[in-house]
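Working notes for the structure below.
Read-outs throughout are calculated quantities, based only on the coordinates presented, and are distinct from any laboratory measurement. All values reported here derive from a predicted model rather than from experimental measurement. Methodologically, a virtual Cβ is constructed for each residue, glycine included, from the backbone with ideal geometry; neighbour enumeration extends over all protein chains shown.
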Amino acid sequence: MIEVRNLHKRFGAVTAVEDVSFSAADGVVTGLLGPNGAGKTTTLRMLYTLVKPDRGTARIDGLDVAEHPLDVRRAIGVLPDARGLYPRLTAREHARYAGELHGLSGPSLDKRVDELIELLDMKDIANRRAEGFSQGERMKVALARALVHGPRNVLLDEPTNGLDVMSTRAVRTLIRRLKEQGHCILFSSHVMQEVAALCDRIVVVARGRVVAEGTPDELRIRTGKESLEEAFVAVIGTDQGLMQ
Amino acid sequence: MRRLIATVFRKEMKDHLRDRRSVLSALAGPLIGPFIFMAMFTLMASWFREGKPLEVSVIGREHAPSLMAFLQRHGATLTETPKDYEALIEAGKLDAVLIIPPDYGKDFSAGHTAVVQLVVDNSRNQARATIRRLTSLLEGYSGQLAAQRLFARGVSPELAAAVRVDEVDLATPERMAANVLNIIPIFLVFAAFMGGMNVAIDAMAGERERGSLEPLLLNPVPRGAVVVGKWLTTVVLASVAIGVCLGAFLLAVHRVPLQDLGVKARFDIAAVLGMLATVVPLAFFASAGQMLVSTYARSFKEAQTYIQLLLLLPMLPGMLLAVSPIQSQLWMYVIPVFGQQLLIGEVMRGQAVGAMPFLLGALGCAAAAALCLMLTTRLLGEERIIFGRA
């Protein structure tokens, strides 16, 4: 459960996020859609505690991100914008390292890592060093690392960026499965098709503000447009940076 | 907290030890010093080695038979002089040539000062020992004759020598050795900086460059634990480098013909322990300083540039000490790097300094290390460091 109230963030003279409020419920896939530079990544970074909001609050499972950053980090699994791997560690070692940093150890960690290797279909790369992994393989490792502690809330920043069709499908399947398990999933994207294919609720962000929020159907009705695509263009005011 | 530090430490160790090239260079770097040391001393010893027969090239031997007899009596071998002797001296193939002019005998018999010429090239260190021995032989001959002449005239030779200079050499063999051996502290300090350098760069600037810092800080781990875990890895590798360097110096010192140079270095177990007690705390500070600098850098290359510049600074006091040893004061030991270089010099000289300088040195390093680690931890909280990528 994620609740965001009136978040503000400025970087010098640039206002990155200006009054963003929305909520994302458990068992629901919430999409943060907006053109590049709309403030999606900054909003996520404030949620996963690495950027301090100037104003406003964000709570994850009732925990304030500014006041309890360590507890919040335990409650979330994050695929951040940066997905760097350690070239000399294997895929399995990446997942284990993250697990150990979350306080897991022994057989329970082994079992969890095996589950993830199964779930993400990465048996063939599990014991290979990350050096030379393809984009899709790197994504799988980053996802395993993010999910190793079994977080209730999952934050994904542009999860299908740069992936081929097969990898994109794998990520979508994973998101649907997490939803079935009752996780709260928040993911950002600038690709409309991506959001339309996966999301139950859509939060449209432009120039640091939430310009529309609701289910795909609600958005269509509110704007009086036939297709989602036109609905998005109508609420954002431009189609720049929105199309794939 | 301790478990998290251990987790970070184990991961960094595993990760770094798999980087063959970096580990090899960290271990080979500290061997450079002992190698230079060995080569230098072997060469010097071959120049200074005593007991080698003194070979004297003489021109005009027939003009001074009694001088020649004197030289031969004192162990000199007289040799023929090649025609191009000046070129040979300049080339370093001949040490010196003694020329006896034709009118030597005439002046000698008349009681005038008889002149001989010694042709040398003073810019050649190699020839210096031969020249010194030959000069003192010639002076001895001159003095002996002068004394005989005065006696013959009923004058005590003491009247002619108003002042006699007796040289009292205060430099004990150990002290002289320490002056020459000052090269060792420089390289031990160098090892403390070299050993952990690549880890420090990879652990901070490398994380930033790869984009793995953000995922790492997303874990519920206090930043201090991340910093300390990485720092410990750096300290361990720096300490290993120090061990390798010291071990190689030990081997070198025992193999090099130091006694031929008339120097004796103290390099027993106590001295080795003293050096370790001096340099290992330095590794604490060196590692922490490198971590701090590396955190500022956005890429591996950038960090390497900064850290290599940083490496030159601690070399300066060492060079200074090697050239002109200074009288140490207690407060100097607190200054990281400088204090350690002083202290190693004293340990080698065999001076009993007591526990205080060691303690002060370790405290100075620990305080500087703590400051660097705190600053690094604070930097890791800054958005421009976490997200700023090359």
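Numbers below:
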read-out	value
For segment B:81-121: span of alpha carbons on each principal axis (Å, largest first)	38, 17, 9
Furthest towards positive pole of dipole, B:Pro34, B:Thr130, B:Val337, structure part chain B, Cβ charges	B:Val337
Considering only chain B, percent of DSSP beta bridges that pair antiparallel, nearest 5	35
Cα gyration tensor shape for segment A:1-71, rounded if a/c is under 1.5, else prolate or oblate	oblate
DSSP beta bridges in the protein assembly as shown [antiparallel fraction, %, rounded to 5]	50
Dipole in debye (nearest 20) - the protein assembly as shown, about Cα centre, beta carbon charges: Lys, Arg +1; Asp, Glu -1	760
About the Cα centre, charge dipole magnitude for segment B:50-168 (Lys/Arg +1, Asp/Glu -1 at Cβ), debye	240
Backbone HN-Hα couplings from phi across segment A:56-66 [Karplus 6.51/-1.76/1.60, Hz, Gly and Pro as x]	x, 10, 9, 10, 10, 6, x, 8, 6, 5, 7
Of A:Lys111/A:Lys140; A:Lys52/A:Lys140; B:Lys230/B:Lys301, those spanning more than 21 Å from alpha-carbon to alpha-carbon	A:Lys52/A:Lys140
Helix runs (DSSP H) in chain B reaching 27 Å along axis by Cα, Kyte-Doolittle at least -0.5	B:125-152, B:223-255, B:269-296, B:300-323, B:356-379
Helix-derived mean residue ellipticity, 222 nm - over the protein assembly as shown, DSSP H n ≥ 4, -39500 (n - 2.57), to 500	-17500 deg cm²/dmol
Reach of B:Lys83 by Cα under 20 Å, taken over lysines that are not fewer than 8 positions away in the same chain	B:Lys93
Convex hull of segment B:50-168 built on C-alpha atoms - directionally averaged projected area, nm²	9.0
Candidates A:Val233, A:Val78, A:Val154, ranked by Gaussian network fluctuation over chain A, Cα under 10 Å, top entry	A:Val233
Binned Cα-Cα distance frequencies in the protein assembly as shown - 10 Å width, integer %	3, 13, 17, 15, 12, 10, 8, 6, 5, 4, 3, 2, 0, 0
Most mobile listed residue (B:Met194, B:Met319, B:Met275) in chain B, GNM with C-alpha springs under 10 Å	B:Met319
Selection of GluC sites (Glu not before Pro), segment B:55-110, meeting DSSP coil and at most 12 other Cβ within 10 Å	B:Glu80
Taking B:Arg164, A:Arg220 and counting other C-beta atoms within 10 Å, the order from fewest to most	B:Arg164, A:Arg220
Radius of gyration and Dmax over the Cα atoms of chain A, both given in Å	17.9, 56
Rounded, prolate or oblate (a/c below 1.5 giving rounded, otherwise prolate when a/b exceeds b/c) for segment B:56-102 by Cα gyration tensor	oblate
Candidates A:Thr15, A:Thr30, A:Thr160, ranked by Gaussian network fluctuation over chain A, Cα under 10 Å, top entry	A:Thr15
Prolate/oblate/rounded call for segment A:139-205, Cα gyration tensor, a/c under 1.5 rounded	oblate
Sequence-distant residues sharing a close amide H with B:Ser57 (under 5 Å, placed H)	B:Thr79, B:Ala96, B:Leu98
Cα pair distances in chain B, grouped into 20 Å bins until the bin that holds the longest one, percent each	23, 37, 23, 14, 4, 0
5 angstrom amide H check on A:Ala212, placed H, neighbours 5+ away	A:Val204
